[in-house]
Amino acid sequence: MFPHDALTCDGFLGGALRVWQPKAGYRAAMDPVLLAAAVPARAGETVLELGCGAGVASLCLGHRVPGIGLTGIERQADYADLARRNASENGLTFDVTEGDIARMPAALRALTFDHVIANPPYFPKGGGTPARDGGREAAQREDLALAEWLRIGLKRLRPGGWLTVIQAADRLPDLLAGLGPGAGSTVVLPIVPRDGRPAGRVILQTRKGGRAAFRLLAPLVIHSGAEHLKDGDDQTPEARVILRDGSALDLQAGR
């Protein structure tokens, strides 16, 4: 468990959620917020988050859609503890299991879900400079292939359920190659920092048993203008209502 002085309490969704995170470990930013916004969940449905960390994505989703059942699995015990604490302090119910998705605990193997969500590590195994903090390194560099994350996620879905993943844009070929024949109706949303810039992230959403054609959507632009305005609020209106107000991204309707 993290000592209290090793944590910060950070606001998400315009301060509607207050989330404890480690000062030196993996710290969530906008990616889990965007992931949560893209999940087409409705009250009464169930959601499993693979590798939930401190719980930001699931808690943002639970805040937007009251009445959904939230379950998470996280292999780092201190982050799993934080996710439970964050859920409790925000008045949300979040059933977090400590475990490795590659060796799914029996209790979770017995369940299927309407939605599975994930923010898998962005960096492939090998190469690069490891992070000095072990928690950050474990969150950012994969030791389980991206295709396995997709396979495990699809396996935990009921027929017709949705898998939603956010990932670095340069891993899009790996995402598409990792989808097996049981997935379809796939939609990809590029996320770009500014107009005219390359995408830095993508959100991929696919349906178990889906049959609709693949679609590549117009990008979501996060910031207005050509460069960052120091101490200025330069988020585009579309990004602002997602990141600050918790609005949804409807990928199936093209946003």
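The values are calculated or read from the model by the stated rules, or taken from the named source; none is laboratory data. On a predicted model such as this, the values are computed, not experimentally measured, just so you know. Ideal geometry is used to build each Cβ from the backbone, glycine not excepted, and the neighbour counts take in all protein chains shown. With ligands, DNA and RNA removed, areas are computed over all heavy atoms of the protein, side chains included. Shrake-Rupley method; radii C 1.70, N 1.55, O 1.52, S 1.80 Å.
Remarks
- ALA83 falls short on exactly one of the conditions (1) aliphatic (A, V, I, L, M); (2) surrounded by 23 or more Cβ atoms within 10 Å (Cβ to Cβ); (3) more than 16 Å from GLU98 (Cβ to Cβ), and that condition is (3).
- Sole residue being more than 26 Å from ALA6 (Cα to Cα), under 18 Å from the mean Cα position of the chain (by Cα) and of a type in the set (Lys, Arg), chosen from ARG84, ARG64: ARG64
- Residue ID - nearest to TRP149 (Cα to Cα), chosen from residues in the range 28-67 that are out of contact with any Leu (no Cβ under 9 Å at 6 or more places or on another chain), part of a loop (DSSP other than H, G, I, E, B) and among the aliphatic types (A, V, I, L, M): ALA28
- The condition (being within 24 Å of LEU17 (Cα to Cα), surrounded by 15 or more Cβ atoms within 10 Å (Cβ to Cβ) and charged (D, E, K, R)) is satisfied by just one residue among ARG194, ARG244, ARG207: ARG244.
- Residue count for the range 16-45, restricted to those that are farther than 23 Å from THR236 by Cα and open to solvent by less than 50 Å² (accessible area, probe 1.4 Å): 7
This table checks each residue for (1) closer than 22 Å to GLY153 by Cα; (2) free of Cβ contacts under 8 Å to residues at least 60 places away in the same chain.
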site	(1), (2)
THR8	no, yes
TRP20	no, no
ALA28	yes, yes
PRO32	yes, no
LEU35	yes, no
CYS52	yes, yes
THR71	yes, yes
ASP78	no, no
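- Some residue of the range 207-223 being within 25 Å of LEU70 (Cα to Cα), part of a strand (DSSP E or B), at pLDDT 95 or above and not hydroxyl-bearing (Ser, Thr, Tyr): yes
- Contact map, the range 148-165: residues that are open to solvent by 30 Å² or more (accessible area, probe 1.4 Å) paired with residues that are of a type in the set (Phe, Trp, Tyr) and at pLDDT 95 or above, Cβ distance under 8 Å, separation 6+ or inter-chain. Pairs shown: ARG158/PHE113.
- Within the range 178-208, the residues that satisfy the criterion of being over 30 Å from ASP233 (Cβ atoms) and out of contact with any helix residue (DSSP H, G or I) (no Cβ under 7 Å at 6 or more places or on another chain) are PRO181, GLY184, SER185, THR186, THR206, ARG207.
- Selection count where residues are surrounded by 11 or more Cβ atoms within 10 Å (Cβ to Cβ) and either more than 22 Å from CYS60 (Cα to Cα) or under 19 Å from the mean Cα position of the chain (by Cα) (or both), scope the range 2-15: 7
- Yes/no for PRO130 being at pLDDT below 95 and at negative phi: yes
- Residue in the range 96-111 that is in contact (Cβ under 8 Å) with a residue 40 or more places away in the chain, open to solvent by 30 Å² or more (accessible area, probe 1.4 Å) and under 17 Å from GLN21 (Cβ atoms) present: no
- Any hit, the range 226-238, residues being among the β-branched types (Val, Ile, Thr) and not in a loop (DSSP other than H, G, I, E, B): no
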